[in-house]
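In what follows, a single structure is set out as structure tokens and then discussed.
Just so you know, all these numbers are worked out from the coordinates, no wet-lab data involved. Just so we're clear, the structure is a prediction, and the values are computed from it rather than from any experiment.
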Amino acid sequence: MAAYLPPFLGPGIGVTCLLSSLNQEACMTSYSRFYKLTALYRRLDDAVRSEGRRRGADAFRLLRLKSLKLAVKRRLAVQMQPAPAR
């Protein structure tokens, strides 16, 4: 087994994946999904902040953004859980 660090995480992040040559694609898919969810969470957070600051903010849009943000947060939490032992 070798340690593999995807390029978009960069050095110093502390996230490594121990893999064999057989499950390298599965780990990259997992990291790619994690990265996309994190980017979406950031965009939703920015949208919630800007909508909250806006004069005459739409309460329903704000509610929808917050619920989407919570859904992404839950998916990220599931993603962070270790895989069950076999």
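A few remarks follow.
- Eigen-decomposition of the gyration tensor built on the alpha-carbon atoms of region 44-86 gives equivalent ellipsoid semi-axes of 32, 9, 4 angstrom, largest listed first.
- Net lengthening on full extension, VAL78/SER50 (0.36 nm per residue, minus Cα-Cα): 7.3 nm
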